[in-house]
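S.K.: Structure provided below as structure tokens; questions to follow.
The values are calculated or read from the model by the stated rules, or taken from the named source; none is laboratory data. Since the structure is predicted, the reported quantities are computational estimates derived from the model, not experimental observations. Because the Cβ atoms are built from the backbone with ideal geometry, glycine has one as well, and the counts that use them run over all protein chains shown.
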Amino acid sequence: MKKMILSLLLFLPMAASAEYMDVIEVKLLDGCSFETYMQITNDFNNEWGKANNYTSKVAMPLQSDDLVSLYWIGTTKDAATFGKAWDTWRDAQSDPDSTPAKLWARFQACSVNVGRWGYDLY
């Protein structure tokens, strides 16, 4: 009986599921400290990220060919969740009083994005 059930399970379609990782290379502008950038990141997580199932951390290189850039590491449970969060973030930028627009203005006053990559994590 167990072999029959196992055999049936092997023939059922299995949905591949992978966590999504959003990586942004960031350089701080003159006058913006790492502590200030981290405060904006923490506010992002608390004010917007939690509600949109997006969590971010900042990686500061200790050993790298580029010791100036920081790396924003955002994660969602899958690419679909990232896409929905991105749509929400982008669409809210048209309202300067929205939380995303206010956060984005703070990020822009403190940093510049150099590059962006997305990955499925298995």
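S.K.: Which residues, counting only those in segment 66-81, are within 22 Å of Tyr37 (Cα to Cα) and among the hydrophobic types (A, V, I, L, M, F, W, C)?
M.R.: Restricting attention to segment 66-81, the residues satisfying the condition of being within 22 Å of Tyr37 (Cα to Cα) are 66-76.
The answer is Leu67, Val68, Leu70, Trp72, Ile73.
S.K.: Still on this structure, please answer the following. Taking Pro96, is it farther than 22 Å from Val26 by Cα and modelled with pLDDT of 95 or more? Lay out the reasoning, then the answer.
M.R.: On the way: farther than 22 Å from Val26 by Cα: yes; modelled with pLDDT of 95 or more: yes.
Criteria met by Pro96.
S.K.: Collect the residues in segment 71-122 that are of a type in the set (D, E, K, R) and either surrounded by 15 or more Cβ atoms within 10 Å (Cβ to Cβ) or assigned to a helix (DSSP H, G or I) (or both), keeping them in residue-number order. Spell out how you get there, then give the answer.
M.R.: As a first pass, look at segment 71-122 and keep what is of a type in the set (D, E, K, R): 77-78, 84, 87, 90-91, 95, 97, 102, 106, 116, 120.
Selection gives Asp78, Lys84, Asp87, Arg90, Asp91, Lys102, Arg106.
S.K.: Identify all residues within segment 30-68 that are touching a Gly at 6+ places or on another chain (Cβ under 9 Å) and surrounded by fewer than 18 Cβ atoms within 10 Å (Cβ to Cβ); write none if there are none.
M.R.: Within segment 30-68, Thr55, Ser56, Lys57 qualify.
S.K.: Also, I was wondering about something else. Out of Trp104, Trp89, I need the residue that is touching a residue at least 40 places away in the same chain (Cβ under 8 Å), out of contact with any Leu (no Cβ under 8 Å at 6 or more places or on another chain) and either under 22 Å from Asp30 (Cβ atoms) or among the aromatic types (Phe, Trp, Tyr) (or both). Which one? Spell out how you get there, then give the answer.
M.R.: Details: Trp104 fails: touching a residue at least 40 places away in the same chain (Cβ under 8 Å).
It is Trp89.
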